[in-house]
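Trainee: One structure follows; several queries about it will come next.
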Amino acid sequence: MDSLRELILACILAAVAWQPAFAEDIVGRATVIDGDVGAYRCGKAAAFALDRFLAESRPTRCSSRATDIQRFVGVCFRADGREVNNWLVGSGNAVDWSRYSNGAYADAQQSARSSGVGVWRGHFELPCRARAERIGRETAC
């Protein structure tokens, strides 16, 4: 499930081209990219769903908030004003990564979970918990 973390941090925020952190807004045709998506069916489904969602109203505008490795972390909006991040979490195609959002998408995640959509259709363990368990460490999420 690491691909979901990558999806929320990279895919929804990879618009047009890499820009330094805290640069001006990036506006253009967003492209869904992620090297880890192919390994997991839920990640691949999320990437396809996001691509369809973005295609419905172009261009996409993203504002950088922070960085994670070589990616920027921010908030993105379609041309019609719909927030991409909120849609991803609310549709069950990503999780609220509170390290970056400060819990901004907790309600959307709870709604997706209650409705059983996306990753919440079956048993799902948050990637941070799965990784911690796999390496025998305490969870940081």
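The values are calculated or read from the model by the stated rules, or taken from the named source; none is laboratory data. Given the structure is predicted, the values throughout are model-derived calculations rather than measurements. Quick reminder, even Gly has a Cβ in these numbers, built from the backbone with ideal geometry, and neighbours come from all protein chains shown. These area figures cover heavy atoms from the full protein model, side chains too; ligands, DNA and RNA do not enter into them. Shrake-Rupley method; radii C 1.70, N 1.55, O 1.52, S 1.80 Å.
Trainee: Return the total of residues in the stretch 44-63 being open to solvent by 20 Å² or more (accessible area, probe 1.4 Å) and more than 13 Å from the chain's Cα centre (by Cα).
Mentor: Here is the first cut: in the stretch 44-63, the residues open to solvent by 20 Å² or more (accessible area, probe 1.4 Å) are 44-45, 48, 51-52, 55-56, 58-59, 61.
Narrowing further to those that are more than 13 Å from the chain's Cα centre (by Cα): 52, 55-56, 58-59, 61.
Counting residues in the stretch 44-63 that are open to solvent by 20 Å² or more (accessible area, probe 1.4 Å) and more than 13 Å from the chain's Cα centre (by Cα) gives 6.
Trainee: For the stretch 79-141, which fully contained helices (runs of 4 or more DSSP H) count at least 1 residues that are of a type in the set (S, T, N, Q) and in contact with an Asp or Glu (Cβ under 7 Å, 6 or more places away or on another chain)? Quick ask: steps written out before the conclusion?
Mentor: Details: elements: 84-90, 98-101, 106-115, 127-135.
Result: 106-115.
Trainee: Which condition number in (1) open to solvent by less than 50 Å² (accessible area, probe 1.4 Å); (2) in contact (Cβ under 8 Å) with a residue 40 or more places away in the chain; (3) of a type in the set (Phe, Trp, Tyr) is the one that residue 100 fails?
Mentor: (1)
Trainee: Search the stretch 62-85 for residues that are at negative phi and pair each with any residue that is charged (D, E, K, R) and at pLDDT below 95 when their beta-carbon atoms are under 7 Å apart and the residues are at least 6 apart or on different chains.
Mentor: 62/25; 63/25; 73/65; 74/65; 75/65
Trainee: Let me ask another. With (1) modelled with pLDDT of 95 or more; (2) open to solvent by 30 Å² or more (accessible area, probe 1.4 Å); (3) more than 16 Å from residue 42 (Cα to Cα) as the list, and residue 85 as the residue in question, which single condition is left unmet?
Mentor: (2)
Trainee: Give me a count of the residues in the stretch 107-141 that are open to solvent by less than 50 Å² (accessible area, probe 1.4 Å), hydrophobic (A, V, I, L, M, F, W, C), without any contact (Cβ under 8 Å) to a residue 60 or more places away in the chain and farther than 19 Å from residue 41 by Cβ.
Mentor: Number satisfying all stated conditions: 2.
Trainee: Please enumerate the residues belonging to the stretch 68-80 that are open to solvent by 30 Å² or more (accessible area, probe 1.4 Å) and farther than 19 Å from residue 51 by Cβ. Before the answer, list the steps.
Mentor: Here is the first cut: in the stretch 68-80, the residues open to solvent by 30 Å² or more (accessible area, probe 1.4 Å) are 69-71, 77, 79-80.
Matches in the stretch 68-80: 69, 70.
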